[in-house]
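Below you'll find the structure, written out as structure tokens, and then a few comments.
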Amino acid sequence: MNNTAIQPNELNTAKEVKTLKPSTILHGILRISSLILCLCMFFPGLNPARISNLINKNISLFTTGFSFSNLTTRFNAMFRQGAVNKSTFVLLSAASVVIIVGAILCGIGGCMSLGNNRMRSRGIWFPLAGAVLVSAGLCGIYKSYLELQASRGARRAQVVFPSVFYIYAGLAAVLLLVSLIILVSERRLEKEEKMEMPEKYTLFLMLLPIIILAFVFLYLPLYGWRYSFFDYEAGGTLSRENFVGFKWFTILFRNQATVNDILRVLRNTLAMSGLGILTSWVPMAFAIFLNEIRSNRFKRVVQTVTTIPNFISWVLVYAIALAIFSTEGFLNSFLDLFNANRNINWLMSSEHTWLKMLLWGIWKSLGWSAIVYIAAIAGIDQELYEAAKIDGAGRFQRIWHITVPGLLPTYLVLLLLTIAGALSNGLEQYLMFQNANNKDVIEVLDLYVYNIGITGGRIPLSTVIGMTKSLVSIALLMFANRVSKSVRGEGII
């Protein structure tokens, strides 16, 4: 039997592993608790400040803290009558803000726990302070609850104690306890000279806001698809009594009026998307010509002027169009100088609507869309241009044989995304320019969903159409990606 001697270094390594394991677990608990606490702020069902049934059940803790009017909508009469003190709700809103600040501090500490020992030692004070603030905010909510319960209008206010209060209290206690343990147990660890974090965690934290925004605005709304299976009306509830299964799905094919409307809307949608695809090369050409301008000052002026319209809302764009193309607008006034004014209301006319929408869209997005191509041009190896100059290539030849091939990969990726979103033209532009004369040719799918859902009140049918649009868009993306792989040998998925 061979007895292998254990080296001192191996013993030290084993000790380090044993001492690091509890620390890793504690930091994991800290991160998970901080994440849960931060997420709870945005869910209406997890609002510890809802101490009355009259408080809107659809407002979250975040809204409670920063929208006093939404919090007290149903209490204004009680305030005037003196049945409820307004200071109670001021305290409630302030306590909610304190909890929000505490949750943010806990989230910062959870992120800093991904760094080295020095960053962890500095970051542990954030969840410690955050847990104290959350506890203080909960005490403020509890005091508001007691004041409301003791008021003359307590019965009218329908005072309740929110059960989720204990969830926040538990999270605050866990964060406080774990932070203290980490603070005591790791105070003697050797600290590095400066705070650092592994690159993988740094990149993840940079991507985290985008992931959160995508989840909140793209994936969380998918929960609303359930309305397509009910006879739902605005302000109503979902129950077994109004469950209708696939009734609204069959209406898409059985109701001839609905079928005709959808075919008309699809014609408009595909026509405008097709025009957009056919002119998708315009931003690339604009970026190339902009790059060829020799005067840097003039180039910056042109780029700024063409980019600014992207930040103008479609409401203001329509106001500009109204000032120019209305009956008493600039265009008719200018034509009147030559006795050629016919008082034509260019905006109300349904002629060439698709072309007009295309031109407005190009004007608004040209400079912004060209930024991607300008960045791609900057990434092209400048030695290629120098070699082409030595070989005697002119400016146009350098553009055609170097710049354009260098931009094609970027253009094709954006083209695939454009094809995938062919059914998603957007809403704002067409909603602004829509009128009784051009509705038949300007109503795209997104606008149609808005008109029948929000304006017409047929929410289940609009949900079904929105679901179908999403599924078809995914199919278009897969098809375009397959074609790209067949032609180019690579795709985006």
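Every read-out reported here was derived from the displayed coordinates using simple, explicitly stated rules and does not represent laboratory data. The model shown is predicted, which means the values in this text are computed figures rather than measured ones. Note that each Cβ is placed from the backbone with ideal geometry, even for glycine, and that neighbours are counted across all protein chains shown.
One table, with the values for the structure above:
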quantity	calculated
Sorted by Cβ neighbour density within 10 Å, fewest at the top, the residues 216, 164, 159, 444	216, 164, 159, 444
Per-selection metrics, the stretch 89-244 (Cα): Rg and Dmax in Å	21.6, 67
Highest to lowest packing among 267-279, 247-259, scored as the average C-beta count within 10 Å	267-279, 247-259
Low-density loop cleavage sites - chymotrypsin sites (Phe, Trp or Tyr not before Pro) in the stretch 141-202, where at most 10 other Cβ are within 10 Å (DSSP)	none
Sorted peptide list for 46-54, 368-376, criterion being average Cβ within 10 angstrom, highest first	46-54, 368-376
Whole-Å distance, taken between Cα centres, linking the stretch 348-394 and the stretch 250-284	26
Using a Förster distance of 30 Å, the FRET efficiency for residue 396-residue 424 (Cβ separation, nearest 0.05)	0.25
Binned Cα-Cα distance frequencies in the stretch 341-493 - 5 Å width, integer %	1, 8, 12, 12, 13, 14, 12, 9, 7, 5, 3, 2, 1, 0
Mean Kyte hydropathy of -1.0 or more with a Cα span along the axis of at least 18 Å, helices from DSSP in the chain	8-40, 86-112, 125-150, 165-185, 199-214, 256-278, 353-378, 404-420, 459-488
More than 40 angstrom apart: percent of Cα pairs within the chain	50
Once exposed loop GluC sites (Glu not before Pro) are cut out (DSSP; at most 14 other Cβ, 10 Å), longest piece of the chain	1-189
Within the chain, helix-based [θ] at 222 nm, where runs of 4 or more DSSP H residues each add -39,500 (n - 2.57), nearest 500	-21000 deg cm²/dmol
The stretch 8-196: radius of gyration over Cα atoms, expressed as a fraction of 2.2 N^0.38 Å	1.28
Given charges at beta-carbon only (K, R positive; D, E negative), |dipole| of the stretch 8-196 in Debye	700
Difference of contour (0.36 nm per residue) and Cα-Cα distance, residue 161 to residue 486	110.8 nm
Efficiency of FRET between residue 251 and residue 435 - r from beta-carbon atoms, R0 45 angstrom, step 0.05	0.95
Flagged links, alpha-carbon separation over 28 Å, of 356/469; 57/469; 57/86; 57/364; 200/364	57/469; 57/364; 200/364
Gap separating the Cα centres of the stretch 439-482 and the stretch 317-334, nearest whole Å	32
Overall form of the stretch 176-301 per C-alpha gyration tensor (a/c, 1.5; a/b vs b/c)	oblate
Gain upon complete extension [residue 56, residue 323; 0.36 nm per residue less C-alpha separation]	91.9 nm
Trypsin sites (Lys or Arg not before Pro) within the stretch 416-476, DSSP loop, no more than 16 other Cβ atoms inside 10 Å	none
Nearest-20 debye value, the chain charge dipole, Cβ charges on Lys, Arg, Asp, Glu	1140
